[in-house]
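Undergrad: Input: one structure, supplied below.
The values are calculated or read from the model by the stated rules, or taken from the named source; none is laboratory data. Predicted model only: the values in this text are computed from it and were never measured. A quick note on method: Cβ atoms are made from the backbone with ideal geometry, for glycine too, and the neighbour counts reach across all protein chains shown. For accessibility, only protein heavy atoms count, side chains too; no ligands or nucleic acids. Shrake-Rupley method; radii C 1.70, N 1.55, O 1.52, S 1.80 Å.
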Amino acid sequence: MPDHATVDDLERAHAELAASGLSLDLTRGKPGSDQLDLSNDLDGIIGDDWTLDGVDVRNYGGLDGQPSVKAIGARLLDMPAANVLAGGNSSLALMGRYLLHAHVFGVRGPDTAWNRGTPKMLCPVPGYDRHFALTEYLGIELLPVPMTDVGPDMDRVEDLVGNDDQVKGIWCVPKYSNPTGITYDDDTVRRLAVLGRDAGDHFRVFYDNAYAVHDLGDPDYLLSMFSAADVEGTQDSIVQFASTSKITHAGSGVAFLGSGLANLAAFRDHLKLFTIGPDKANHLRHVRMLGAPGAIEDHMAAMADLVRPKFDAVTSALADGLGTDGEHGRWTEPHGGYFISFWTRPGLATDVIDLAARAGVALTPAGAAFPYGDDPDDSHIRLAPTFPDLADVERAMEVFVLCVRLATARAHADVAAADLPASA
């Protein structure tokens, strides 16, 4: 489609796509089958030896996980293994359990339970919809905080924390953030570490390092939150999460929670009432696959080789189809993670997503990356290219580019029509 295409040209092209029967999906950040295949050796890897660190993994017990699997979590969270708890397959489940622990039972006992007041959670936006949904479900008020190119707007964060004692925590995805793909700079990490000292012992930084090793090439550097909190004496205020769900098999990975030793002990006392222990056989499988020095790095390099062409296809299609002058929008070009963020001109995200759906391409709903689903600019769209195969990503992006151009052209036409002089 030429750059000078009219609204009518774009409408005809869109109608042809809508009639072509496409069914493509860029909604969720899931690994594709080619990525999952890299971990197929998990099936059968145990063999006849069911012991891990001298423990029979087929039996009860081991609430924290054994040292060898905790060492994998320590690698992902950049903290000592003694500060790590290894759980089931879902880091989101651990986040939900810890959030419930803080909200209902209190991180320091009943007097510190968040629900004794009117708790609020800071939500950097655009952010992860499941973080927001989980918090909203418990009746905690969501306060949006703008994201910058180096992390949450910390001036705004510090202002809210310093002036409202009902602000109990903040959600963070510090490396290749969902959905913008940015990585927090050193100053942001250090300022987040200070919050637990200034806000009181009820405050928690929920630090979801989901993409710690999901580099597409040269990795972004992320300062160790554990080290930053150690300097400030605030390790107990930082609760870190990670998992292998986007490293091995998504439904059968291992999730990790890390924190200061006192905070970890308090959470363990809560957790032991709800479970005898995690799936240690699955822990053993992951230690066999990822426990050796360099194994995670080698595995993720192979993963990057599969994912990188899909990201390149998205950014190339956007640059080639929309130009880089900002007329049709702007987008991120992350160095890792699972998502690319696209911003339309204000007021057009819903239109673009609707046009794409009618042409057979499913996108995450407009506003999904904002608390309560409310993007005040109706501008942000999250693109998730990891799941489809490369040919489908390329085809989906042809549709997406056309929909952005059509929505933008319609908006220009509406403005031009509104500017016409009234008939005599």
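Undergrad: Restricted to region 266-280, and to residues that are touching a strand residue (DSSP E or B) at 6+ places or on another chain (Cβ under 9 Å) and assigned to a helix (DSSP H, G or I), which residue is farthest from residue 97 (Cα to Cα)?
TA: Per the criteria, the residue is 280.
Undergrad: Among the residues that make up region 290-301, is at least one of them open to solvent by 40 Å² or more (accessible area, probe 1.4 Å), over 27 Å from residue 148 (Cβ atoms), assigned to a helix (DSSP H, G or I) and in contact with a helix residue (DSSP H, G or I) (Cβ under 9 Å, 6 or more places away or on another chain)?
TA: No, the conditions are met nowhere in region 290-301.
Undergrad: Given the residues 29, 44, 96, which is the only one that is in contact (Cβ under 8 Å) with a residue 60 or more places away in the chain and either part of a loop (DSSP other than H, G, I, E, B) or open to solvent by less than 60 Å² (accessible area, probe 1.4 Å) (or both)?
TA: Answer to the check: 29.
Undergrad: From the list 5, 15, pick out the single residue that is surrounded by fewer than 17 Cβ atoms within 10 Å (Cβ to Cβ) and either among the β-branched types (Val, Ile, Thr) or in a helix (DSSP H, G or I) (or both).
TA: 15
Undergrad: Also, quick follow-up: Within region 374-392, which residues are closer than 19 Å to residue 178 by Cα, outside any loop (DSSP other than H, G, I, E, B) and in contact with a helix residue (DSSP H, G or I) (Cβ under 8 Å, 6 or more places away or on another chain)?
TA: Result: 380, 381, 383.
Undergrad: Taking the criterion of being assigned to a loop (DSSP other than H, G, I, E, B) and more than 23 Å from the chain's Cα centre (by Cα), would at least one residue in region 157-164 satisfy it?
TA: Within region 157-164, one or more residues are assigned to a loop (DSSP other than H, G, I, E, B) and more than 23 Å from the chain's Cα centre (by Cα).
Undergrad: Please work out if residue 323 is more than 30 Å from residue 222 (Cβ to Cβ), open to solvent by less than 40 Å² (accessible area, probe 1.4 Å), out of contact with any helix residue (DSSP H, G or I) (no Cβ under 7 Å at 6 or more places or on another chain) and not basic (Lys, Arg).
TA: Considered against the rule, which asks whether it is more than 30 Å from residue 222 (Cβ to Cβ), open to solvent by less than 40 Å² (accessible area, probe 1.4 Å), out of contact with any helix residue (DSSP H, G or I) (no Cβ under 7 Å at 6 or more places or on another chain) and not basic (Lys, Arg), residue 323 comes out as yes.
For every residue, the table says whether it meets (1) at pLDDT below 95; (2) more than 16 Å from the chain's Cα centre (by Cα); (3) over 24 Å from residue 271 (Cα atoms); (4) crowded, with 23+ Cβ neighbours inside 10 Å.
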| position | (1), (2), (3), (4) |
| --- | --- |
| 168 | no, yes, no, yes |
| 191 | no, yes, yes, no |
| 194 | no, yes, yes, no |
| 210 | no, no, no, yes |
| 214 | no, no, yes, no |
| 248 | no, yes, yes, yes |
| 252 | yes, yes, no, no |
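Undergrad: Another one. Could you list, in sequence order, all residues of region 333-346 that are open to solvent by less than 40 Å² (accessible area, probe 1.4 Å) and assigned to a loop (DSSP other than H, G, I, E, B)?
TA: Those that are open to solvent by less than 40 Å² (accessible area, probe 1.4 Å) and assigned to a loop (DSSP other than H, G, I, E, B): 334, 337, 338, 339, 344.
Undergrad: Among 218, 201, 236, which is surrounded by 20 or more Cβ atoms within 10 Å (Cβ to Cβ) and either among the acidic types (Asp, Glu) or part of a strand (DSSP E or B) (or both)?
TA: 236
Undergrad: Surrounded by 18 or more Cβ atoms within 10 Å (Cβ to Cβ) and aliphatic (A, V, I, L, M): is that true of residue 57 in this structure? Quick ask: steps written out before the conclusion?
TA: Values: surrounded by 18 or more Cβ atoms within 10 Å (Cβ to Cβ): yes; aliphatic (A, V, I, L, M): yes.
Spelling it out, residue 57 is indeed surrounded by 18 or more Cβ atoms within 10 Å (Cβ to Cβ) and aliphatic (A, V, I, L, M).
Undergrad: Name the one entry in 181, 169 that is under 25 Å from residue 78 (Cα atoms) and part of a loop (DSSP other than H, G, I, E, B).
TA: Numbers: 169 fails: part of a loop (DSSP other than H, G, I, E, B).
Only one candidate qualifies: 181.
Undergrad: Test of understanding: among 366, 362, which residue is open to solvent by 10 Å² or more (accessible area, probe 1.4 Å), aliphatic (A, V, I, L, M), free of Cβ contacts under 8 Å to residues at least 24 places away in the same chain and closer than 30 Å to residue 247 by Cα?
TA: Testing whether each residue is open to solvent by 10 Å² or more (accessible area, probe 1.4 Å), aliphatic (A, V, I, L, M), free of Cβ contacts under 8 Å to residues at least 24 places away in the same chain and closer than 30 Å to residue 247 by Cα leaves just 366.
Undergrad: So which residues in region 99-127 are in a strand (DSSP E or B) and of a type in the set (A, V, I, L, M), if there are any at all?
TA: If the condition is that a residue be in a strand (DSSP E or B) and of a type in the set (A, V, I, L, M), then 107, 121, 122, 125 are the ones that fit.
Undergrad: Can you go through 49, 64 and tell me which one is out of contact with any Ser or Thr (no Cβ under 6 Å at 6 or more places or on another chain) and either crowded, with 18+ Cβ neighbours inside 10 Å or part of a helix (DSSP H, G or I) (or both)?
TA: 64 is the lone residue from the list that is out of contact with any Ser or Thr (no Cβ under 6 Å at 6 or more places or on another chain) and either crowded, with 18+ Cβ neighbours inside 10 Å or part of a helix (DSSP H, G or I) (or both).
Undergrad: Confirm whether residue 135 is at pLDDT below 95 and open to solvent by less than 40 Å² (accessible area, probe 1.4 Å).
TA: no
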